[in-house]
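Data block below; observations after.
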Amino acid sequence: MTSPSVSRRTALKGLAGASAAAALGGCASLTKPGPNRIVLENSKPGTRDWLLTNTRVDPATKWRCPWIEGYCSHTRVRAGDELSLFVSTNPASPFTVDIYRLGYYGGAGGRLMRSFEPIPGKPQPDPTIGAKRLRNCAWEPAVTFRIPTDWLSGVYLGKLTEQRTGLQSYVVLIVRDDRPADLLFQCSDHTWQAYNRWPTQFALYDDGKDQWYWGGGVQVGFNRPYGRYCQIFDAPLSQGSGEFLLWEFPVAYWLEQHGYDVTYCSNQDTHADPRGLLRTKGFLSVGHDEYWSLEMFRNVQAAIAAGVNVAFLSGNAVCGRIALTQDLRAFERTGVFGPPGGTRDFIAMKSLAHERPYANELVGAHSTGPVTGGADWTCVQPGHWLFAGTGMKAGDGIPGLVGWEWHGDPAPIPGLEVVASGPTQDAPGKPNGGQFTATVYPGPKGNFVFNAATIWWGDGLSAPPGYVRPSVYTTPQGPDPRLQRITQNLLARMIGG
């Protein structure tokens, strides 16, 4: 399925009758002199050459591609900063690097930004198992360069191609800026790293005994490649790219398709740069945004108090509390943003601190038992501004959109409204006792906080090149005009607030 050919201007114009304030706010943003940077960027030639076409996993390790793999010296950089790429080829082989910015680009999904001539490659050593099982690579840099000043904020993939056999993998990088923008898209890179099992079973979820451990005392870090994604399905394009292409790219692709003025940041920016959150009208948590530090929680809380709108287009968000090292290159799980017993699952979680603040006090709802499952995203308040122009009635649902982790247990926040809710299931006809709740609550300055209560929100917006649709507990059905309209309504309110 493809998204309907409706321009952002047309969509916002259509809101006027049902939600004048929202529509006028969104249209006001569109009447700035000249096109915004995202529109200009996406008018440039795109290509699908960014897609990996030849991937392989070593069956002895399950997750890694030792023939060609790498990582970046920084998780995020600004234009003008220096970046090093660390690459290993085993056996030794020359390799090329092609760097692409991801976006819409006429449906191609990427634009070539820079290519490097073949670089001599060699095997780089596997790191020792350090304290708390940290695998901290200390590889020699393969290439070092300065980020050009004209590289717009976004998610960039370095496509690594080994010349001996043509095998490929990625490195992933977030380019950020400091400009005011309508929307700030936060990448969920702490969660990407938490589930990264490179080189074998060294995720945050493995204590050397249990491959799905949920306690403390384990560290993971960014000084290593991303192995292939380890849950739900096989996703070859996740080789080196974390989880961005799985859950977040459909949202970014759709935003850039419709010309929204969006800029990008890392979880680590939310942690370390609280003032940076105040340069936007709307902060977006996207996809699978599970791991937050207490500093992240407090910084977003302060942004809401200052009048920033927030949308959690995510599920399982703000669940695991982490402590980061001073250089932000490693972290460990230290607690849970939820009440004791709130998840009804994961025995090892009982060993962690369960104390306030709770996630639902920020998000509106939070992860609760049985944590996993699926459902139709079912309207319960059709008169709400969120549903304007959708034609949805109470009980109407967007099939399979809720999964595979979600939010429930809404907080007793004054003015909080449940806009969509329903029972979750382990499979069609097999309810599991859960209840998802999507919520909206007011901020103190006419702003608001929206909680979508699903990881799969992006599936209802777009299906970019390379996208793999999930199917577990339930199966989302792809781009849906109602979900697209709901998101347009949401963003119009955010931008106009």
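The values are calculated or read from the model by the stated rules, or taken from the named source; none is laboratory data. Quantities reported herein were computed from a predicted structural model and do not represent experimental measurements. Quick reminder, even Gly has a Cβ in these numbers, built from the backbone with ideal geometry, and neighbours come from all protein chains shown. The accessibility values were calculated without ligands, DNA or RNA, using every heavy atom of the protein model including side chains. Shrake-Rupley method; radii C 1.70, N 1.55, O 1.52, S 1.80 Å.
Taking only pairs six or more apart or across chains, which ones have beta-carbon atoms under 6 Å, a first residue in the stretch 399-410 that is small (Gly, Ala, Ser), and a second residue that is not in a loop (DSSP other than H, G, I, E, B)?
Final answer for the pair search is Gly400/Thr474; Gly403/Gly374; Gly403/Thr474; Gly408/Gln435; Gly408/Phe436; Gly408/Thr437.
Which one is nearest to Pro444 (Cα to Cα) among residues in the stretch 368-383 that are open to solvent by 10 Å² or more (accessible area, probe 1.4 Å), β-branched (Val, Ile, Thr) and not in a strand (DSSP E or B)?
Applying the filter and picking the extreme gives Val380.
Which one of these does Ala303 not meet: (1) in a loop (DSSP other than H, G, I, E, B); (2) at pLDDT 95 or above?
In the conditions (1) in a loop (DSSP other than H, G, I, E, B); (2) at pLDDT 95 or above, Ala303 misses (1) alone.
Considering only residues that are surrounded by 19 or more Cβ atoms within 10 Å (Cβ to Cβ) and touching a residue at least 60 places away in the same chain (Cβ under 8 Å), look in the stretch 342-351 and name the one that is farthest from Arg321 (Cα to Cα). I'd like the intermediate steps shown before the answer.
Initial filter on the stretch 342-351 (surrounded by 19 or more Cβ atoms within 10 Å (Cβ to Cβ)): 342-343, 349.
Now drop any that are not touching a residue at least 60 places away in the same chain (Cβ under 8 Å), which leaves 342, 349.
Working: Gly342: 15, Met349: 11 Å.
Among them, the one singled out is Gly342.
Every residue in the stretch 353-367 that is in contact with a Gly (Cβ under 8 Å, 6 or more places away or on another chain), open to solvent by 20 Å² or more (accessible area, probe 1.4 Å) and assigned to a loop (DSSP other than H, G, I, E, B), please.
Glu355, Tyr358
Filter the strands (runs of 3 or more DSSP E) completely within the stretch 46-96 down to those with at least 1 residues that are open to solvent by 30 Å² or more (accessible area, probe 1.4 Å) and modelled with pLDDT of 95 or more.
Numbers: elements: 69-72, 76-78, 82-88.
In the stretch 46-96, the matching strands (runs of 3 or more DSSP E) lie at 76-78, 82-88.
For Val318, which of the numbered conditions (1) in a loop (DSSP other than H, G, I, E, B); (2) farther than 20 Å from Glu405 by Cα fails to hold?
Failed condition: (2).
Here is a yes/no grid of residues against (1) closer than 18 Å to Leu284 by Cα; (2) buried (at least 24 other Cβ atoms within 10 Å of the Cβ); (3) of a type in the set (Asp, Glu):
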| residue | (1), (2), (3) |
| --- | --- |
| Arg146 | no, no, no |
| Trp151 | no, no, no |
| Tyr156 | no, yes, no |
| Thr161 | no, no, no |
| Gly166 | no, no, no |
| His190 | yes, yes, no |
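Given the condition under 16 Å from Gly158 (Cβ atoms) and among the charged types (D, E, K, R), answer yes or no: does some residue in the stretch 45-57 qualify?
Within the stretch 45-57, one or more residues are under 16 Å from Gly158 (Cβ atoms) and among the charged types (D, E, K, R).
Among the numbered criteria (1) in contact (Cβ under 8 Å) with a residue 24 or more places away in the chain; (2) surrounded by fewer than 22 Cβ atoms within 10 Å (Cβ to Cβ), which single criterion is violated by Gln211?
(1)
Which of the residues that make up the stretch 463-497 are charged (D, E, K, R), closer than 24 Å to Tyr105 by Cβ, in contact (Cβ under 8 Å) with a residue 12 or more places away in the chain and surrounded by fewer than 20 Cβ atoms within 10 Å (Cβ to Cβ)?
Hits for the stretch 463-497: nothing passes.
Is it fair to say Leu184 is in contact with a Cys (Cβ under 9 Å, 6 or more places away or on another chain), open to solvent by less than 60 Å² (accessible area, probe 1.4 Å) and not acidic (Asp, Glu)?
yes
When the stretch 384-409 is examined, which residues are found to be part of a loop (DSSP other than H, G, I, E, B) and either among the charged types (D, E, K, R) or open to solvent by less than 50 Å² (accessible area, probe 1.4 Å) (or both)?
Result: His384, Ala388, Thr390, Met392, Lys393, Asp396, Gly403, Trp404, His407, Asp409.
So, in the stretch 102-118, exactly how many residues are touching a residue at least 60 places away in the same chain (Cβ under 8 Å), surrounded by fewer than 24 Cβ atoms within 10 Å (Cβ to Cβ) and of a type in the set (Gly, Ala, Ser)?
Matching residues across the stretch 102-118 total 3.
Which is in contact with a Ser or Thr (Cβ under 9 Å, 6 or more places away or on another chain) and either surrounded by fewer than 18 Cβ atoms within 10 Å (Cβ to Cβ) or over 26 Å from Val308 (Cβ atoms) (or both), of Gly460, Gly434?
Every option except Gly434 fails the conditions.
Kindly provide the set of residues from the stretch 119-144 that are closer than 20 Å to Asn54 by Cβ and either open to solvent by 20 Å² or more (accessible area, probe 1.4 Å) or aliphatic (A, V, I, L, M) (or both), ordered by number.
Ile119, Pro123, Ala142
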